[in-house]
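All remarks here apply to the structure that follows.
The values are calculated or read from the model by the stated rules, or taken from the named source; none is laboratory data. In this text the structure is predicted, and so the values were computed from the model without any measurement. No Cβ is skipped: glycine too gets one built from the backbone with ideal geometry, and neighbour counts run over all protein chains shown. The protein model used for the area step is the full one, side chains on, heavy atoms only, and it has no ligands, DNA or RNA in it. Shrake-Rupley method; radii C 1.70, N 1.55, O 1.52, S 1.80 Å.
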Amino acid sequence: MSWRDFWNGEHAIYVSPRHKALHYRGIASDLIGHIPSPAAVVLDHGCGEALDAARVARACGKLYLCEAAPSVREKLRGQFGRLETVAVVSPEEVEALPEASLDLVVANSLIQYLSRDELKAVLATWHSRLKPGGALVLADVIPPDVSPLTDAIQLLAFGWRGGFFLAALAGLVRTAFSDYRKLRAQYGLSTYTPEAVQDLLREAGFVEIQRPANFGHNPHRMTFKAIRPA
């Protein structure tokens, strides 16, 4: 099983429907905060089920939802396919987008599942598809010194605030015996120091690298924002 296989199948990464709803609501709010104008063309790359994408679409001119897992793309099309301003695409279809056609690219909780070579390749794709002056946001990047225990504590804190604490406790127990834990042990998750991310962004041609607040509930992970120069 690969990471793509994992996300394409049934999994219990969200401990309850409330957890999933609050997660996607928060990510949508964070993403909207980076949309530069109501006419902006936005790519959410690695969007997952994007339950609150309709709200994101109302804040921009066009929203591309990109997912590698075919089953997730089908769910997205079923939920958002009737919205004229939303297009559900695969990573291969992102590569076919016209150059300099996007104002904003967001990749939240994605690059930990990519190898360094895969990340370099997709950075080049994003750079070429962004308009001059367009922005790339890499969110929920895992530093090497953040452990699974830290992630678990942050999930419990999110559960306490969000009213699903007991479900979060039970979910952590399930995760300990899940395919996710096995895949994480087998493949690991890609981690980066801030300096490594900044170097990769510069190598890909991005400038004006910033460190805004992280997306989602875990402040121990990192978000980076960078610009394709004019």
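Details
- Residue 152 being more than 18 Å from the chain's Cα centre (by Cα), surrounded by 14 or more Cβ atoms within 10 Å (Cβ to Cβ) and free of Cβ contacts under 8 Å to residues at least 60 places away in the same chain: yes
- Residue in the stretch 100-111 that is under 14 Å from residue 46 (Cα atoms) and in a helix (DSSP H, G or I) present: yes
- Qualifying residue in the stretch 63-71 (condition: open to solvent by 30 Å² or more (accessible area, probe 1.4 Å), in contact with a Gly (Cβ under 8 Å, 6 or more places away or on another chain), under 21 Å from residue 33 (Cα atoms) and not hydrophobic (A, V, I, L, M, F, W, C)): no
- Being of a type in the set (S, T, N, Q) and modelled with pLDDT of 95 or more is a description that applies to residue 90.
- Apart from one condition, residue 13 fits all of (1) at pLDDT below 95; (2) not in a loop (DSSP other than H, G, I, E, B); the exception is (2).
- In the condition set (1) assigned to a strand (DSSP E or B); (2) free of Cβ contacts under 8 Å to residues at least 40 places away in the same chain, residue 44 is compliant with all but (2).
- Taking first residues from the stretch 23-35 that are of a type in the set (Ser, Thr, Tyr) and partners that are open to solvent by less than 30 Å² (accessible area, probe 1.4 Å) and in a helix (DSSP H, G or I), the Cβ contacts under 9 Å between residues at least 6 apart in sequence or on separate chains come to 24/53.
- Any hit, the stretch 45-60, residues being modelled with pLDDT of 95 or more, in contact with a Cys (Cβ under 7 Å, 6 or more places away or on another chain) and either among the hydroxyl-bearing types (Ser, Thr, Tyr) or surrounded by fewer than 20 Cβ atoms within 10 Å (Cβ to Cβ) (or both): no
- For the stretch 74-96, the set of residues classified as touching a Ser or Thr at 6+ places or on another chain (Cβ under 9 Å) and open to solvent by 40 Å² or more (accessible area, probe 1.4 Å) consists of 95 only.
- For residue 99, the criteria (1) open to solvent by 30 Å² or more (accessible area, probe 1.4 Å); (2) over 27 Å from residue 226 (Cβ atoms); (3) out of contact with any Asp or Glu (no Cβ under 8 Å at 6 or more places or on another chain) hold in every case but one, which is (2).
- Members of the stretch 111-120 found to be in contact with a Leu (Cβ under 9 Å, 6 or more places away or on another chain) and surrounded by fewer than 22 Cβ atoms within 10 Å (Cβ to Cβ), listed by number: 112, 113, 116, 119, 120
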